[in-house]
């Protein structure tokens, strides 16, 4: 099954390192970063889970939960978590799904047979409080993900949900944003963007980030 932006994230039940969950109930009203790992006790994954643990405060500020799936067992997950804490300086503080039957990985199209039929690729899904898939990123097993980019993506999604703007190339939180081209009424623009804007073209209008003082 191919999951696209705007699709409802499939629900499922699974055993995790924090007990059995039903995904939609567990997610509640939060955003979710749901990502897969090829296998436990592997070097790239170890660095990724350690870094994700260090981001707990950043995720909480954004109303985000992290959820990980791997095709290994709960016993392996728990033993590996000790290695992560030892080598990365941060204990795992989010659930890891034990997907030994590959049901969740298959449901979310995380196994790419031409890459490796036995392991998941490094997939990332950003899922909003309405359980809609808002973004997806796929890396090969050999390449560690950039979780700073995941935070940047979250900031953009949450900002553009609240304001009629888009974020330009390499945008970082606090920088100028783009007024959406569909917004043309001068009075409405003035009301929505009292700081004013700079028109480089009729369709390219930059304005200070509207949620900043």
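Just so you know, all these numbers are worked out from the coordinates, no wet-lab data involved. Keep in mind that what you see is a predicted model, and the values were worked out from it rather than measured. Heads up, the Cβs are rebuilt from the backbone with ideal geometry, glycines too, and the neighbour counts pull from every protein chain shown.
Rounded to the nearest 500, what is the 222 nm mean residue ellipticity of the chain from helices alone, with -39500 (n - 2.57) per DSSP H run of 4+ residues and division by all residues?
-9000 deg cm²/dmol
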Could you grab the relative contact order for the range 60-187? Cα pairs under 8 Å, six or more apart, rounded to a whole percent. 15 percent
In degrees rounded to 10, the 0-90 angle between helix 43-54 Cα long axis and the longest Cα principal axis of the chain is 60 degrees
Give me the percent of DSSP beta bridges within the chain that run antiparallel, rounded to the nearest 5. 70 percent
Which percent of Cα pairs goes in each bin when the distances of the chain are cut into 5 angstrom slices starting at zero? 1, 7, 14, 17, 17, 14, 10, 7, 6, 4, 2, 1, 0
Between the helical axis of 74-88 and the dominant principal axis of the chain, each derived from Cα atoms, what acute angle in degrees is found, rounded to the nearest 10? 60 degrees
Taking the Cα of residue 58, stepping 7 Å toward and past its beta carbon, and measuring to each backbone N in the range 134-160: which are under 14 Å? 145-156
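Of 80, 171, how do they rank once you tally other Cβ atoms within 10 Å and put the fewest first?
Listed from fewest to most nearby Cβ atoms, that is 171, 80.
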So how do 46, 160, 120 line up by other beta-carbon neighbours within 10 Å, fewest first? 160, 46, 120
